[in-house]
Structures are given as C-alpha cells and as structure tokens.
Amino acid sequence: KVSASGKLYLLRLHLPLTAGLGNHGANPEIMRSEMLWVNALYRNRLPVPRPVRNIAGEFVTRVAGVERKPVNCTVLEWLDGEVYNREMESEETIAQIGRLAGQIHLHSSRWRLPLIFKRPIRDDVYFLKIVDSLTPAVDDGRIDYQDYKALQASTRELSRLIKPIRKTRKSFGLIHGDLHRGNFINHNGEISLIDFSLCAFGYYTYDLGT
C-alpha cells in the first residue's frame, strides 16, 4: 500500500515464489497482458482496480532487485473496503458476486485481444501436470500416497469430462483464475474484485468451481 499525492495505490513486485504457479511474474509481456485486461474491465465500468501507467505510458516497470536482477512492478489504484468473508454473506452480496463473475466472462467472450497478449492456459493438460509435479512431496512423505492416488484419479476423471467440451467463445476464454472470497472486497455493501495475477485462458466453469 503506497500513498502518493494524496491518493492510495497498490504496488506489486512480481517475484515468482512457487514454480507450480508458473514463472509468468518474470515475463513483462505476460504481466502487461494482465493489466491490459483489467484496464479494459475498468473502462467497461466493472468494479475492479484501475491499473496505473508509469511516466513512459507503460503498465509494467522493471527495477533492479537483489543482485541487480530485474523485477517487474505494477501499480493499481487502491480499493477501499474489507476482504469479503462468510460473515458478510447475504442474498445481495452473493447475487453481486454471481453477476460480477458473469460480467467478466461476458466481457472476455466479446473482447478483441490485443495483437500481443500472453497469459497461461488452464486446461486439462495443465491440471494433470500440476498433479504430477506433486510426486516429490509423495516421495518424501509430505503427502500420503493414498491421498495422492485419490487426487490423481479425480483429476484424470475431471480431465476426461472436460476434454470433449468445445473451446468456443461461450465456454472458454479469459478467466480470473482465483475467484475465492479473499479476492472480493466489500465496501459499504458494494462488491469489487481484485488480484488478477492468476488470470489465464480457461473454461469459465473453472471460476465458478472456485
């Protein structure tokens, strides 16, 4: 949280912490694509934070980090409110969340992608790879073998069900990718959506499942 010229901003330093989540934080084009979509949502008057360009007119700024390694930074306007939790749930807040999910998916289905636009893909192949990446934790005992086999079987079954679904504009496109309670902000009963850092191309039902 940064205060400047009487306004509040969110400064993000994109340091890849977990290999399983991908290294897209190290790629300025992928970060720029996230900001382009959030900016388009904001310009369509959806309740998301407004991305802020730097003095060169760019959404991503590279600075020298530890050992002079470049770090990608982005800035958004701060949204007032509290992180949404179960105690705040009402018919109205749940309806707002449902409408908001539908609005971002509808926008995605109609939005013409910029010429250079890079985001990860969350499809059946991705989820199978993620489960396979857990094998070191099974080998050293952090994950119980039977639990792992159950997860693996479930993921394969889900993959079998997902595979036949055609990737059309009505079913597949840009998704938030992390649509849990902690990424909704409640300000005087009005719900906003934050943290598009895991946005990707995927089935819209993935957001609903989350």
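Data overview
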read-out	value
When residues of the range 132-171 are limited to those that are farther than 19 Å from F201 by Cα and aliphatic (A, V, I, L, M), the one most open to solvent (accessible area, probe 1.4 Å)	L151
Checklist (1) crowded, with 18+ Cβ neighbours inside 10 Å; (2) in a strand (DSSP E or B); (3) at pLDDT 95 or above applied to N72, failing item	(3)
Subset tally (residues that are open to solvent by less than 80 Å² (accessible area, probe 1.4 Å), hydrophobic (A, V, I, L, M, F, W, C) and closer than 16 Å to Y203 by Cα) for the range 79-108	2
Conditions (1) in a loop (DSSP other than H, G, I, E, B); (2) at pLDDT 95 or above; number of the one not met by L41	(1)
Subset of the range 52-69 [aliphatic (A, V, I, L, M) and surrounded by 13 or more Cβ atoms within 10 Å (Cβ to Cβ)]	V52, V60
Exclusive hit being touching a residue at least 12 places away in the same chain (Cβ under 8 Å), charged (D, E, K, R) and within 24 Å of R50 (Cα to Cα), set K118, K163	K118
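The values are calculated or read from the model by the stated rules, or taken from the named source; none is laboratory data. Nothing here was measured: the structure is a model prediction, and the numbers come from that model. Note: ideal-geometry Cβ built from the backbone for every residue, glycine included; neighbour counts use all protein chains shown. Quick note on the areas: whole protein, heavy atoms, side chains included, nothing else; ligands and nucleic acids left out. Shrake-Rupley method; radii C 1.70, N 1.55, O 1.52, S 1.80 Å.
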